[in-house]
Protein chains: 4
Amino acid sequence: MSATHIVARLGDCGAYGVNLHDDDLVPFGSSAKARDGLVSEFKKALADAGMVVPMATTNLFSHPIFKDGAFSANDPKVRAFALQKTMNAIDLGVELGATTYVFWGGREGTEADACRDPRDGLKRMRDALDYLCEYVKDRCYDLRFALEAKPNEPRGDIYLPTTGHMLHFISTLANHEMVGVNPEVAHETMSGLSFAHAVAQAMEAGKLFHIDLNAQRIGRYDQDLRFGSEDVRQAFLLVRLLEGTTGTPRYEGPRHFDAHAYRTEDEDGVWEFARGCMRTYKILHARARAFDADPEVRALTAQVGNRELDPLLARYTPAKATKLRAVRIDVDATAKRGLGYERLDQLMMEHLLGARSA
Amino acid sequence: MSATHIVARLGDCGAYGVNLHDDDLVPFGSSAKARDGLVSEFKKALADAGMVVPMATTNLFSHPIFKDGAFSANDPKVRAFALQKTMNAIDLGVELGATTYVFWGGREGTEADACRDPRDGLKRMRDALDYLCEYVKDRCYDLRFALEAKPNEPRGDIYLPTTGHMLHFISTLANHEMVGVNPEVAHETMSGLSFAHAVAQAMEAGKLFHIDLNAQRIGRYDQDLRFGSEDVRQAFLLVRLLEGTTGTPRYEGPRHFDAHAYRTEDEDGVWEFARGCMRTYKILHARARAFDADPEVRALTAQVGNRELDPLLARYTPAKATKLRAVRIDVDATAKRGLGYERLDQLMMEHLLGARSA
Amino acid sequence: MSATHIVARLGDCGAYGVNLHDDDLVPFGSSAKARDGLVSEFKKALADAGMVVPMATTNLFSHPIFKDGAFSANDPKVRAFALQKTMNAIDLGVELGATTYVFWGGREGTEADACRDPRDGLKRMRDALDYLCEYVKDRCYDLRFALEAKPNEPRGDIYLPTTGHMLHFISTLANHEMVGVNPEVAHETMSGLSFAHAVAQAMEAGKLFHIDLNAQRIGRYDQDLRFGSEDVRQAFLLVRLLEGTTGTPRYEGPRHFDAHAYRTEDEDGVWEFARGCMRTYKILHARARAFDADPEVRALTAQVGNRELDPLLARYTPAKATKLRAVRIDVDATAKRGLGYERLDQLMMEHLLGARSA
Amino acid sequence: MSATHIVARLGDCGAYGVNLHDDDLVPFGSSAKARDGLVSEFKKALADAGMVVPMATTNLFSHPIFKDGAFSANDPKVRAFALQKTMNAIDLGVELGATTYVFWGGREGTEADACRDPRDGLKRMRDALDYLCEYVKDRCYDLRFALEAKPNEPRGDIYLPTTGHMLHFISTLANHEMVGVNPEVAHETMSGLSFAHAVAQAMEAGKLFHIDLNAQRIGRYDQDLRFGSEDVRQAFLLVRLLEGTTGTPRYEGPRHFDAHAYRTEDEDGVWEFARGCMRTYKILHARARAFDADPEVRALTAQVGNRELDPLLARYTPAKATKLRAVRIDVDATAKRGLGYERLDQLMMEHLLGARSA
């Protein structure tokens, strides 16, 4: 399908934006003239559909030149080409209005691990990100970077395999304040880790710049299924977190459905799929709202303070420590108290299933 | 087995130290007098065996008071008790000579995820670590903290599930310079992630303070098998990294075998197991040395620079970027070049198997 | 909790039966007199609560005598003891009215795989099952066997790790007609396989004799969570299959909730947990019924025959094959047709979430 | 690379045969004339290289006509076409000398599981296999079928996901004696199951007709790595089983390396990869031979009988059962005995690493 057609149909489905993958709009190796033609046609389609390009990204994984990685490749020529391609794609993204730039290093990794010290891989990736941050600042672009982790596929082991590893890597960048993460449900779920916890860690650090929504079963190839179609419990926990239905600030960035329809579908099926992603998100939002408004849930999740202990736990002083050590905790009584978590979790499942009786 | 007996026998096996788990030496709830007796008996055993206590830790997971977590528990009384217990155990560890203090938060997590906002869990863990860092500084102890991640078991999802997540968490601590990680082979391998890459990331950040060596198959309960008995390839890559056989600085901290013998064994079998851990480590060290000294390996892994490109890639300036964008990379030629990684990896396996022909 | 108490409370929750684990009623090593006292007390509790014992089983895994396996152990004394214990427990189960006898060989496996040829392990397990089938026939007991698979934990690798392997093993038994399977959600899910497919294979073979319901995440320790609390999609597919809401015969055996409450709970929480299992089962049953009655679903899942082809595909004859080879299939047209599976699956999720709009 | 070229080079590497994938030799949709030309050219190449075609197979997964499965597809036209294609490919395979025919049903599965009752999927696959067995018998072909399992990829869940499920399915076929399995290291390992145990179960049942050798990490996309390059411990256990180094009959069928070189390689690298597969197999064979000849290993693995018990355990009679129940087993003594498995396993690892000291 052409870019124009996709943009028009996505608009019909109620999408507010579309993300830009450089090679998808301008095929690898296009001439400058061909590029300009494709870009202006695409801009027109966006304007007609009333849509925006919130995010752009570079394909640094499909072409065989990236077979040893892009930013981390052993060959300086590959690293040079990766920077060239990214600077061009950043220019293009900014021209189309993107304010977030995603990096997914699909080839930054190894099968034959002896090919390079993994620390050199990390250093080179840091060099590249530092370089590109400076480029953006130099050009005065209004653009933030969002790094996307994945544990494996197409490489045996990709460097910085989870959002946690990526968050740490970001903390070592020269311009770390302009770099955040773009967690993807499928990528994080592959390792069997809690996606909601990863997103929470990113949010708590102020680093959730973008998010890729889809579905995945643990321990498998990258499935990119329709949002909410697998592990709907985690999907519920995620939407609850993003929408802040407990009263916390909601996530303000784009909710990007980065999934693809089953291979069994024709074009109609593809649009059913797109509608399904959005519809399930909305259902889960409503379910989360009802759950967090349920008085029994509120009672079970109320965080109870302790007038004596809370000040002693807050910030260390020698005096507080002395007092704290003198407090006598009734270990057995505290240990014995039931916490009501089975009831709480069952209530959550009943809300999720639309079966909470009044 | 009594602490005295274990210390004596470990000395016979060639171990240089033994780690201290507070409850293992001083049972939960012991009187002060009982504690002092046990401690002085243990000190004597150490002196007799010529062994040290390089590392100490607190058990914050076995007693039911920690069923909802220790530092992250909802009940302030639990958090208060966890701090009390840890301060006592730190005092004990320092008294016995420990310079590294390990935290494994086995109960810091959830099954019923709605019981608390995961961000509150992280905040409370940060508060506790900040508090304890101040305590150590206040007491002028010569002690560093090493945090140990685990994805699950005994909880459904433990917070900060991998070394990557933990490294990021450390970067948010007030006294982050005195806190590092204690990666464990089994814990990291459960999620199917590359253990060598996680350790490399910690080393590159100067954060590998301690390491727990054992073996594990991916996607299973915590096995804690004899070091090197599963995934000997990863074990080889790990030893190579720790010992710096490629010429990089070696890891200077303790190599702690945190494994346990099969349930089929009697006491003799347990000591066979302990000897096996150490013997395999030494074999792998020898194999790594031979591999990295092999001229064919050196040729295949030599990192070739590029006089024109290297300076352009190093640190961004507008002028360098202009030059870099003007360089014409021969994409097809670069993409086509074979990298010899199958040969390299096969050489690694042949060295590992002791089968590299002269 | 005593057996009497449990039986009374389970009756209150609406359970119709309770399963018998030999050691749970009669502790390992009890005298004959003690046994008889416990048994008659238990019988009375059952009668009072109007409950039955549909299934019984032997504990062949907790005592250290089984550390190398029970039926597959290398030591003939262990195998002899396992048969003795099982014959006793079969007698007890039959006395209490059990008509299904479950075998879970928790220790039949290895860590150190060289300890025995795995084929010897299988042969010994076959010998034991053949022996016990003959015992049951000899005693004229009205009893069938149900074998329960598990991939690992507490052993590194348990023999016959999935329901599929177990079904094949059964096909090699002398009295295979009296032996079926007891699939457990958690055990099968650990390997990431579709539980519904495994149950379907057993049902199609007439071998689903019993089922253990709980919940589990893929690639983890054995969690035994509250039924439906994880992977509610698979739970829905399972209930749909068991209840035959598409019009197929429903499974007539017991639905056994083999789960346990979180460690955070007191006794009230345990009963909340028990009620939650049953309640979620009923909700999913209602959801499956509504899904399969939905006209749009019926249209999408209608299996369309082909008057010309169906007879040619049915049973081979040379004449049919000649005709079949002569049929010209329009490959492109057939390949191109959209199958509507995204719509179908989204409808399933909306029914599951109680959100199917009229 | 052309078929002729591949055959010539494989001959140089020491391979004795090459397997036939119908579409690889004769592209999908070729005319009868084109087919005959390609076939006669291929026959000549085989004769020149002194190679044979031991195995042939049909591609029933790449073309979009198979997007809903081949033998299990809902559309009878697809099932008809799959039978046509397979009969043609069987004819071709037999013409080239194949005596084993492999079936890998890469598309026989689902993502949207409600699309068909999984029992109907199994029934249709049984109908197809029964049909094709009759076809082979009718044509008097000297050909056996080998079924290859895989848990997922390219489908969400493939029916009959492991060798165990497949073995059971075979037991339900009308001509089950002419059908066996073709286990593949990568496919079985994806689920984290012991490959050696699966192969042992097939061998014990006389059903190991073919085997696909490669390497894989647990819980990932299908990696098809160089044989022995991952999980060399399992590879050792496998070779030991296939070669019968403990004194059991060796597997007589083909050892098929079904792997592919890293994407980083040029043609030289591909041949390094092919040589590496064979070389590692030979090294592991030598290691297994030495291990099983080691007197200490022989002592540790000797299976000790029991003159009194062995006859009582063998085949049930009421008299034997009475005697067996009367035998007094010393439970504590039996439980306490150490089994020496840590020593045994360490010896295995030291043999594997070529480090067993004399």
Label-point separation in nm, C:S62 to D:D48, each point 7 Å along Cα→Cβ: 7.2
Report the semi-axes of the equivalent ellipsoid for the protein assembly as shown in whole Å, largest first, where each axis is √(5λ) for an eigenvalue λ of the Cα gyration tensor. 44, 43, 36
Can you pull the one-decimal nm distance between simple spin-label points at A:D142 and B:K137, each 7 Å off the Cα toward Cβ? 4.0
Place +1 on the Cβ of every Lys and Arg and -1 on the Cβ of every Asp and Glu in the range A:203-358, take the dipole about the Cα centre, and give the residue among A:H285, A:L352, A:P311 whose Cα lies farthest towards its positive end. A:P311
Kirkwood hydrodynamic radius of the range D:259-358, from inverse mean 1/r over distinct Cα pairs, in Å: 18.3
Dipole axis of chain A (+1 Lys, Arg; -1 Asp, Glu on Cβ), positive-most option in A:N19, A:Y221, A:T334: A:T334
Loop sites in the range D:177-250: trypsin sites (Lys or Arg not before Pro), DSSP, at most 14 other Cβ within 10 Å: D:R250
Which distances in nm, rounded to one decimal and ordered from shortest, link the label point of A:Y141 to the equivalent label points in the other identical copies, with labels set 7 Å from Cα toward Cβ? 4.8, 5.8, 7.4
Please give the Cα centre distance for the range B:329-358 versus the range C:35-82, rounded to the nearest Å. 57
Between C:N175 and B:T246, the two model label points (7 Å from Cα along the beta-carbon direction) sit apart by a distance in nm of 6.3
On complex formation of D with B, accessible surface lost, both sides summed, probe 1.4 Å, nearest 100 Å², amounts to 3700
Per residue of the range B:120-132, in order, report the coupling 6.51 cos²θ - 1.76 cosθ + 1.60 (Karplus, θ = phi - 60°) as ³J(HN,Hα) in whole Hz, putting x for Gly and Pro. 5, x, 5, 4, 5, 5, 5, 4, 5, 5, 4, 4, 6
Residues of the range C:159-173 with amide nitrogen under 18 Å from the 7 Å Cα-to-Cβ point of C:D120? C:159-160
Note down the magnitude of the dipole of the range C:268-358 about its Cα centre, charges +1 on Lys and Arg C-beta and -1 on Asp and Glu C-beta and zero elsewhere, to the nearest 20 debye. 480
Chain B - mean residue ellipticity at 222 nm from DSSP helices (-39,500 (n - 2.57) per run, n ≥ 4, rounded to 500): -15500 deg cm²/dmol
Distances from B:K320 to the same position in the other copies: list them in nm, one decimal, shortest first, using label points 7 Å from Cα along Cα→Cβ. 4.5, 7.4, 8.1
Which order do you get for C:T264, B:T246 if you rank them by accessible area with a 1.4 Å probe, largest at the top? B:T246, C:T264
Could you give the semi-axes, largest first, of the ellipsoid that matches the range D:202-284, computed as the square roots of 5 times the alpha carbon gyration tensor eigenvalues and rounded to whole Å? 25, 14, 12
Just give the residues from the range C:166-189 buried by at least 40 square angstrom of accessible area in the all-chains context relative to the isolated chain, probe 1.4 Å, and say none if nothing qualifies. C:H168
How large is ³J(HN,Hα) for each residue in the range B:174-180, as worked out from phi by the Karplus curve 6.51 cos²θ - 1.76 cosθ + 1.60 (θ = phi - 60°), to whole Hz, x for Gly and Pro? 5, 10, 4, 5, 9, 10, x
What are the radius of gyration and Dmax of the range B:87-246, computed over its Cα atoms and given in Å? 16.0, 48
Could you look at chain A and say what percent of its accessible area is carbon and sulfur, using a 1.4 Å probe and all protein chains? 53
Kirkwood Rh over Cα pairs of chain D into Stokes-Einstein at 20 °C, 1.002 mPa s: D in µm²/s? 94
Hz values of 3J(HN,Hα) by residue in the range C:322-336 - Karplus curve (6.51, -1.76, 1.60), Gly and Pro given as x: 4, 4, 4, 5, 7, 5, 9, 8, 7, 4, 5, 5, 5, 5, 7
Along the three principal axes, how long is the range D:149-197 when you take its alpha carbons, biggest first, rounded to the nearest angstrom? 30, 25, 12
Unit charges on C-beta of K, R, D, E only; dipole of the range A:158-250, Debye: 180
Per GNM of chain B with C-alpha springs under 10 angstrom, the most fluctuating residue out of B:A186, B:A319, B:A45 is B:A319
Under 5 Å from the placed amide H of A:F257, counting only residues 5+ away or on other chains, we find A:L213
Give me a single rounded figure for A:313-320: the average over its residues of other chain Cβ atoms within 10 Å of their Cβ. 5
So for the protein assembly as shown: antiparallel DSSP bridges make up what percent, rounded to the nearest 5? 15
Given a 1.4 Å probe and the protein chains all in place, what does the accessible area of B:K123 round to, in Å² to the nearest 10? 90
When chain D is treated as a GNM, springs tying every alpha-carbon pair under 10 Å, which of D:N59, D:N175, D:N306 comes out with the largest mean-square fluctuation? D:N306
Does any residue of the range B:242-268 lose at least 50 Å² of accessible area with all protein chains in place compared with its chain alone, and if so which ones (probe 1.4 Å)? B:Y262, B:R263, B:T264, B:E265
Considering only protein heavy atoms, what per residue accessible area in square angstrom results for the range A:91-134 with a 1.4 angstrom probe? 23
How far apart are the A:S2 label points across copies, placing each 7 Å from Cα toward Cβ, in nm, shortest first? 4.1, 8.3, 8.8
What fraction, in whole percent, of alpha-carbon pairs in the range D:319-358 exceed 14 Å separation? 67
Counting heavy atoms of the protein chains only and a 1.4 Å probe, report the per residue accessible area for the range B:163-269 as a whole number of Å². 24
Taking the Cα centre of chain B as origin and charging only Cβ (+1 Lys, Arg; -1 Asp, Glu), how large is the dipole, in debye to the nearest 20? 1140
Along the three principal axes, how long is the range A:32-97 when you take its alpha carbons, biggest first, rounded to the nearest angstrom? 45, 25, 17
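The values are calculated or read from the model by the stated rules, or taken from the named source; none is laboratory data. On a predicted model such as this, the values are computed, not experimentally measured, just so you know. Note: ideal-geometry Cβ built from the backbone for every residue, glycine included; neighbour counts use all protein chains shown. Protein only, heavy atoms only, side chains kept; ligands, DNA and RNA dropped before computing areas. Shrake-Rupley method; radii C 1.70, N 1.55, O 1.52, S 1.80 Å.
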